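What follows is a short report on a single structure.
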Amino acid sequence: MLATTLLFMASAFLAEPHPHQAEAIGGYSAGCLKNGVALPLTGPGYQVIRTKRLRYYGHPELIAYLTTLANQT
């Protein structure tokens, strides 16, 4: 479990986007996100809270939308 979590976290720091599409596998309570992207912890107009829960990952289009929305305020 710890090794899987560390690999998941390490993949978030890759400089290049993943070559494969993001994909939701399973449901909310028992699922995962393949090739997800991490929301930057701080940015103009927002701040991620409770970072220890590791719930700031999402589909690349969602992350792009949220950062664009935050920049408009």
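With the simple model of a label 7 Å out from the Cα in the direction of the Cβ, Thr67 to Gln47 spans 2.0 nm. Taking all protein chains together and rolling a 1.4 Å probe, Leu62 ends up with roughly 80 Å² accessible.
For Glu61, Glu23, the ranking by accessible surface with the largest value first comes to Glu61, Glu23, using a 1.4 Å probe.
Using a probe of 1.4 Å, the accessible surface attributed to Thr51 totals some 50 Å² when neighbouring protein chains are kept in position.
The values are calculated or read from the model by the stated rules, or taken from the named source; none is laboratory data. Note that the coordinates shown come from a computational prediction; the quantities given were computed from them, not determined experimentally. Counting neighbours? That spans all protein chains shown, and the Cβs are built from the backbone with ideal geometry, glycine included. Calculation scope for accessible area: heavy atoms of the full protein, side chains included, ligands and nucleic acids excluded. Shrake-Rupley method; radii C 1.70, N 1.55, O 1.52, S 1.80 Å.
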